[in-house]
Structures are given as C-alpha cells and as structure tokens.
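*Asks:* Take this structure, written in structure tokens, and hold onto it; I'll ask about it next.
The values are calculated or read from the model by the stated rules, or taken from the named source; none is laboratory data. What you see is a predicted model; the values in this text were computed from it and never measured. Methodologically, a virtual Cβ is constructed for each residue, glycine included, from the backbone with ideal geometry; neighbour enumeration extends over all protein chains shown. Ligands, DNA and RNA are excluded from the accessible area calculation, which covers all protein heavy atoms including side chains. Shrake-Rupley method; radii C 1.70, N 1.55, O 1.52, S 1.80 Å.
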Amino acid sequence: RIDDNDGEFLLIEAADFLPKWLNPENSENRVFFYKGELHIISLSETPEQDWDLSAPCPTISEALALLSTRSEEFLAAEPIRAAVYKRIDGYPEKIQASLHRAQCYVPAAIAALLRQRPSLVAAAVQAFYLRDPADLRACRRPFRTFPPDQCVMTVVTFTRCLYAQLVQQKFVPDRRSGYTLPAPSHPHYKAHELGMKLAHGFEILCSKSSRVSPDSKRNVLSGPLWERFLRSLKEKDYFKGEMEGSAKYSELLHMAEDYFQQSVTTPESSVEVSPGDEILALLQTTPLDLKEFEREAACLPPEDDDSWLDITPDALDQMLKEARNESLPSANEDEQKYDLEAVAESMKAFVSKVSTHEGAEMPWSSDESHVTFDVDSFTKALDRILGADSEELDSDDLDEEEEFGFSDEDDEDSDAGNQTRNQKVSPDELIGSLKSYMNEMDRELAQTNVGKSFTTQKKGASSVKAAPSESAGPACGAEDPELAPVDVDMNLVANLLESYSAQAGLAGPTSNILQSMGVYLPENTDRSGSS
C-alpha cells in the first residue's frame, strides 16, 4: 500500500477514470498493489446504485483477507491501471533525472553530515521553507550548532523540488547570526546563498530537538492529561508523604515526568523533532577533517544547469497537454480548419451538465450529451407557476399598480382575466399564448439596441456557418412581417471569440472552459497583424 499526506496519491493520476463512489474519505485501506497489479476494494457486494458512500473503511486485516481470497473481483479497471502505470513507469531509474547537484558554501559539520546522511537535506530544506517566527528565534542569535566560522565549498545533491524551494525564496540573514553574503556579482554568490539557507534549516532542526529544547518537554507536561496523571499519583501515595520541593520528592517527580513523556509521546507527534535528534547524535560520532574538505573543494565537479527552473508559457502548455494525452494543433494550422460548430456544441454540452457542490463535470465529447427539451415537464412547471393557486399579488405588485395608475377598467379586465385563468387551460393553448407573448416581446426588442446587437439567421442558412446578416431593425420589421430568428450559435461563438480575444493571450474563463473540453481556439491573427 502506498500513501502520503495527500492520501492515496496514485489515484490522483487516474482521477478521470475512477468510479463515482470512490473519494478521499472512503478510499483508506481500499487501494493495494497485489501480485504486481492495482486492486481497489469496492464498498460492498450489493449493486453499485445501493452503495452507502459513508460506509466505514475496512481495516488492514479485513482488506488483506478480501485480497487473498477474492483478488480477481477487485482488480482495478484497465483505464485506471493504465493511467497509474504510465505515471510510475521507469522508476526507480527515473529518479536520477529529478536530482540536481549544486555547489554550496556550508559549515564543515553540515558537509560531514550530508556525506553520512544525504537524506537530511530534505528535512533541512523543509524546515527553512516552512519556517515561522518561532523557528527564526533560533536564527536571531549566534548559531550554536552550525556557526559560520568553518565553512567549506561542497556539492550537495537535491531533488529538483527541494532545490527550487531553496533557491526561489528571498531571505536576508540576521546580522546576529554571524552569516553575511558577498555581493551579488561575486562568482560564488549562489553557493554562499544556498549554504546560508541550508545552515538556517539545520539550525532550526537542532533548535527543535528534545535534547536542547525545553519546550518539547514543557508542552507535554502542561496539559490536563498530565494534571490528572499527577493527581492520580498523589491519591495513590506515590510520593510517600515527602514534602513538595524536597530532594526525594523532586527525584520521584522527575521519574514520573520521564515515564509520562515516554508514554504519551506518539511517533506522529515526535516526527518534527526526530531529524534534530538524529543530527545531534551524528555530530557526536562524525569526524571533521577540514583539510580533506579543502582538497575536495579545489577539484569539485561542475554543478548541474538549473535552466529547467525557467519555463516558457508554450513549454508549460506542452507539458499540460502531454500530461492529458492531448494532441497539439499545428502552429501553422489555417484558421478556416477550426470547426466553429464544435465550439458551439461543446458549450451546449457543458451547459447541459448538472453541477454539484463538488463542481461541474466537463463533457469530453460534444456528442456525449445533447440539449433536450421535455414539453410535458415544461408545461407542468408553467401550470404550477401560472395556475389558480398563484393569483395573489404581493406588495411589490400593488406598488407597481399604484405607480402606473391602473384604472378601474384595468381592474375589471383583470377580474375577467382571472375568471378565464380559473378555467381549465389546455397545454396547447398555454403554449400558444406564451408564443404570442414571446413574439410580441421579440418585436418590441427588435426596435431597441438590445435587439440590434444580435445576429439573425438568413433564410436557408445553417447555424454558425451563416454569414452575419443585417440586424433586426424597424426597416426589417416593415419589410418582413416574420422576424428573422436570432442565430443562437453564431452569437454564442461571436461572444466566445470576443471574450477570448480580450484575454490577450492570458488565461481566462473562455480558454479554460474550452480547453478543458479539448477545444483550442487559434490566435487572433487579424489583431496581431494590425498591431
């Protein structure tokens, strides 16, 4: 079983293919490698639609018993296994490609420690990178464990992540620490800066060690659990009547404190101080040979090139698309080859998806789900809204009635309308009435700037491919009693392209939504050519 502080982190690689029931809350003790294959233990033997997503996770023993007897039932689906195996393919050999060797000007004690325990560099970098004001208290005084008076040049091996964390943070050492940096123009400025940051990380680790930090013991002995334990000892006459503060009482108290601290300190709570304890223990046994370090410094191998830290936007796009197995459109692809209908259909499919508190699922294919319209459901919904039970006016309606000065004749018309509505209205009549209302609204809007802003369809022209026609205006309405319908797809695509162009090459809502559905728009060559 493989997990870290993110949980079953391998499942992140297969997130697009996981079953709907599997989530971080119920995945514990369900994901195993068994005989070289990935297995996922399902929730129960009942049909999937009846599964309780809040069911408790199995214990290790229960999970192993299921795997040993019914492993073939829990073999992960092929897409899940393919995604995970693609991510871990080539390891552990591939680890070497993620290492970075850099020259650092560090105290000789740190160079000796890293020769004995190279993995300690990770704890030191994390201590420096995640430092807080309490940690920096140890760095605002002369360094006790790693003073800067005996520094040597050496090569330190980082992972690329650790190197990036260390080199990208700006940090100025406190003058009281004894560390100073040369001018940025100095040929070994980066080595001095890296060594200074490493020394601060190691000093922070040692300051947290239980050997030198009284806080670690004091924290354990200041809670209610210790007070109850001490009260229990007194009730059982552990101190044998000795006066509080006497030598015998103090001896018995220290014994009780040591026992209590060993009993309540769990491995999880001691992880933070264990690297410091290991460092201090190694310093007692690791010899320091300054002359040998000086000889090695004279013929150090060259450090690795760190140009990989600088990633261009195009390179980042390339990496993201490779991670998502997407083919890149050719840079010289003609604009006319882009299918605008695909853009419109993709957006329709996205809008038709149902979103939850966990977000909206992206439709990877525009053919996956089409927009549908259920006439019966729509009619029933309107019947509930406009039916006889919804005739009461609220205060806003009354205010508007007074504001516009409706006359008694209007009231009589309203009463007549109410009587008509109280009668049974067929769905066809209701739909016809709504259509007449909508047509009247369209005719009114056609005379306004809102109506003129839409592109309408030409007769016989297909959606999206239709050329923009003259907007509906007064003249258009006079010539053609039937208003030309608005070209929804054309207006959708035009607005998307306008939004995409306004992003000026940066990330934005249009590119994010379309790219998540595999749709990539070309650059606006008209605007770039004119500029």
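*Asks:* What does the charge add up to near Met255, with Lys and Arg as +1, Asp and Glu as -1, over the other residues with Cβ less than 13 Å from its Cβ?
*Replies:* -2
*Asks:* Sort Cys139, Cys299 by accessible area with a 1.4 Å probe, largest first.
*Replies:* Cys299, Cys139
*Asks:* Now for a different question. Separation between the Asp6 and Glu37 pseudo-spin-labels, each 7 Å from Cα along Cα→Cβ, expressed in nm?
*Replies:* Simple spin-label model gives 2.7 nm for this pair.
*Asks:* Still on this structure: Spin-label point model (7 Å from Cα, Cβ direction): what's the Thr180 to Ser426 distance in nm?
*Replies:* Rounded to a tenth, the inter-label distance reads 9.9 nm.
*Asks:* Here's a follow-up. Give the calculated FRET efficiency between Glu93 and His188 to the nearest 0.05, with a Förster radius of 30 Å applied to their Cβ-Cβ distance.
*Replies:* Efficiency at R0 = 30 Å is approximately 0.35.
*Asks:* Ranked from the most accessible area to the least, with a 1.4 Å probe and all protein chains present, what is the order of Leu130, Leu521?
*Replies:* Largest to smallest exposure gives the sequence Leu130, Leu521.
*Asks:* Shifting gears a bit: Probe radius 1.4 Å, ligands and nucleic acids ignored: give me the carbon and sulfur share of the accessible area of the stretch 9-89 as a rounded percent.
*Replies:* Reported share for carbon and sulfur atoms: 56 percent.
*Asks:* Go through Lys20/Lys321; Lys86/Lys208; Lys94/Lys170; Lys170/Lys291; Lys321/Lys452; Lys190/Lys291 and tell me which ones have a Cα-Cα distance over 29 Å in this structure.
*Replies:* Correct reply: Lys86/Lys208; Lys94/Lys170; Lys170/Lys291; Lys321/Lys452.
*Asks:* Multiply the residue separation of Ser307 and Lys380 by 0.36 nm, subtract the distance between their alpha-carbon atoms, and state the gained length in nm to one decimal.
*Replies:* 19.8 nm
*Asks:* For the stretch 9-89, what does the accessible surface come to per residue with a 1.4 Å probe? Please give it in Å².
*Replies:* 61
*Asks:* Turning to a different aspect of this structure: List, largest first, the extents of the alpha carbons of the stretch 9-89 along their principal axes, each in whole Å.
*Replies:* Cα spread of the stretch 9-89 along its principal axes, largest to smallest: 33, 26, 20 Å.
*Asks:* Related question: Students sometimes get this wrong: rank Arg117, Arg81, Arg175, Arg144 by accessible area, probe 1.4 Å, all chains present, largest first.
*Replies:* Arg175, Arg144, Arg117, Arg81
*Asks:* Between the stretch 169-191 and the stretch 1-45, what is the C-alpha centre distance in whole Å?
*Replies:* 46
*Asks:* Taking 0.36 nm per residue of separation and subtracting the Cα-Cα distance, what length does fully extending Glu294 through Glu251 add?
*Replies:* 10.5 nm
*Asks:* To the nearest 10 square angstrom, how much accessible area does Asp89 have with a 1.4 angstrom probe?
*Replies:* Near enough 100 Å² of accessible area.
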